[in-house]
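The values are calculated or read from the model by the stated rules, or taken from the named source; none is laboratory data. What you are looking at is a predicted structure, and each value in this text was computed from that prediction instead of being measured. Using ideal geometry, Cβ is built from the backbone for each residue, glycine included, and neighbour counts are taken over all protein chains shown. Ligands, DNA and RNA are excluded from the accessible area calculation, which covers all protein heavy atoms including side chains. Shrake-Rupley method; radii C 1.70, N 1.55, O 1.52, S 1.80 Å.
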Number of protein chains: 2
Amino acid sequence: MFSWIIVLNLEKLSFLTTKKTAQELHGEDFIYNLSYDSVIFGFNGKLLKILILEYHNTGLFALPGGFVKRNESLEDAVKRGVKERTGLEHIYLEQFHTFGSLTRSNPSAMKRILEENDYDVKRNEWLLDRFITVAYYALINYDKVSPKPDSLSDSINWYAIDELPSLMMDHEQIVEKALQVLRDNLEKKLVGMNLLPSKFTMKQLQKVYEAILGEELRRTTFQRRILGMNILERHEKLFQGRAHKAPYLYSFKSNNINKSQEQKITT
Amino acid sequence: MFSWIIVLNLEKLSFLTTKKTAQELHGEDFIYNLSYDSVIFGFNGKLLKILILEYHNTGLFALPGGFVKRNESLEDAVKRGVKERTGLEHIYLEQFHTFGSLTRSNPSAMKRILEENDYDVKRNEWLLDRFITVAYYALINYDKVSPKPDSLSDSINWYAIDELPSLMMDHEQIVEKALQVLRDNLEKKLVGMNLLPSKFTMKQLQKVYEAILGEELRRTTFQRRILGMNILERHEKLFQGRAHKAPYLYSFKSNNINKSQEQKITT
DNA sequence: TATTATTGTAACAAACTGAGACAATAATTA
DNA sequence: TAATTATTGTCTCAGTTTGTTACAATAATA
């Protein structure tokens, strides 16, 4: 009992010292040379956005990422990281590529980040080594999130995908690849389900598709095609107080919930 | 000059000692906890096959895999491994998934493999740790390869995809996923180019598609669709000495060679 | 010279897609 | 209360793609 209290006090004290060795960065807890990065997509009704964090006093922007503990699975590590940043659990996650070039790491930028955050560089030297990173994208409901910066970064914000700041290392390539794969998967998986509230209008759904594809779609063709898939359930009308016919609300049929991760059966 | 000779002699001698510490397994040369595995597809004219190796005296079958050197890129590591096993350079390679569950590694099987091959287990202890593996598939011309086993395995052989032996660890799941992704990519990439000789008949191409999809296709529809893509060049007829009309030989148009890795432009 | 098996292509129907038209309708305005 | 406005849901028609069947061409064999 007593030892518990001491440990807690020590942890609290460590935040007050000049040289931090934050518990979550202790090298022996993690697998070396391996990281993950996440491209967290959200949709604000008009634009597709992703979460970007900025490190303290460095002007460096990066994707939310992290490391894999020795006793946790790769996927659990990513879930843990996304949950820390978004507060969300049970998130739609899709692994899309692993980046392993020799040139992708940037020890001097990492050193600067550690120094600016008062971490002891020597005790965290494993962070300056080369990293191979497994990249995931997440699709989340924009409105349900209030993003939280981690201990190294002082802000985490939504950026529209065509208004990103310049990102460190190869993170711009990672975003580019995430978008490619998301576009490919748009026809195969029920992407909209994860980016919209549970009830939505046909127009909202179309806007999601347009934001992802980066092009406009024909309204009548889109509506016919989506309804033809037989994956939507029609609900009551939505009266928006506008001077025109009210649209119906739709939801994805419940038997499709598990299919959001699966492949669409093409007839 | 002299020191060179000594070094070479020591290396040769090491093969004669009971406890080997093969140069290619020295732990300090490699990134820990990270491996790659390759699903190498070939087509023998009828069946889609993959290369499986069998470890000495263990009855354990596995995918050809390996480790990433500290100073080489992930992709170079895979190329090196595939070249060692097949002798082929400039291979069509596609990364498809990274497997990182906690349960996928099997230290006792690895220990057995090391012991049966007279490796010093203690000096290679890093091999008994957990591994996260990046999986690639390769498409190669079946006839141009005479597979070579590596130092740990005593055979490497082609197996039809529906007649595989039971594989160690999660390698069966890896093969399953490779097939899924290959099937998805069949419509998007020029897969046939890499599995067939440079000149082939329409029937051969159709057989490749059928072997990958695992279903029969309608001859006339297939022919019309492929010719409609405008990616094939027609050459002389092939006289097979059979009592019927001789088929034309085709090749992929040379301006498509770079497109074999790219996405097909859907009209 | 007739037969056989396979190939290349055409013909037609069915299904799907692009583009436009139009009636229905919720709120506003006259 | 009735006309107006903007958007929605659906229909039509033409153009394209796909499934199916048919058939002529043809290399070797009987």
Exercise for the section: Report yes if B:Phe99 is within 14 Å of chain A (Cβ to nearest Cβ) and open to solvent by 10 Å² or more (accessible area, probe 1.4 Å), otherwise no. Expected result: yes
Filter pass, A:Phe96 being at pLDDT 90 or above and closer than 30 Å to A:Gln206 by Cβ: yes
Per the list (1) away from DNA strand D (no atom under 12 Å from the Cβ); (2) modelled with pLDDT under 95; (3) of a type in the set (Asp, Glu), residue check on B:Asp170 breaks on (2)
Scanning the range A:160-183 residue by residue, those within 18 Å of A:His97 (Cα to Cα) and not aliphatic (A, V, I, L, M) turn out to be A:Asp170, A:His171, A:Glu172, A:Gln173, A:Glu176, A:Lys177, A:Gln180, A:Arg183
Q. Got at least one residue in the range A:182-195 being within 16 Å of DNA strand D (Cβ to nearest atom) and of a type outside the set (S, T, N, Q)?
A. yes
Being away from DNA strand C (no atom under 16 Å from the Cβ), free of Cβ contacts under 8 Å to residues at least 60 places away in the same chain and within 14 Å of chain A (Cβ to nearest Cβ) narrows B:Arg130, B:Arg183 down to just B:Arg183
Of (1) over 17 Å from the mean Cα position of the chain (by Cα); (2) open to solvent by 40 Å² or more (accessible area, probe 1.4 Å), B:Ser146 fails just (1)
Of B:Lys79, B:Lys83, the only residue that is crowded, with 19+ Cβ neighbours inside 10 Å, without any contact (Cβ under 8 Å) to a residue 24 or more places away in the chain and closer than 30 Å to B:Ser198 by Cα is B:Lys79
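Among the residues of the range B:209-221, are any open to solvent by less than 60 Å² (accessible area, probe 1.4 Å), part of a helix (DSSP H, G or I) and within 12 Å of DNA strand C (Cβ to nearest atom)?
The initial filter retains those residues of the range B:209-221 that are open to solvent by less than 60 Å² (accessible area, probe 1.4 Å), namely B:209-213, B:217, B:221.
Going one step further and asking which of them are part of a helix (DSSP H, G or I), we end up with B:209-213, B:221.
Adding the requirement that they be within 12 Å of DNA strand C (Cβ to nearest atom) leaves B:221.
Within the range B:209-221 (the criterion being open to solvent by less than 60 Å² (accessible area, probe 1.4 Å), part of a helix (DSSP H, G or I) and within 12 Å of DNA strand C (Cβ to nearest atom)), the answer is yes, since at least one residue qualifies.
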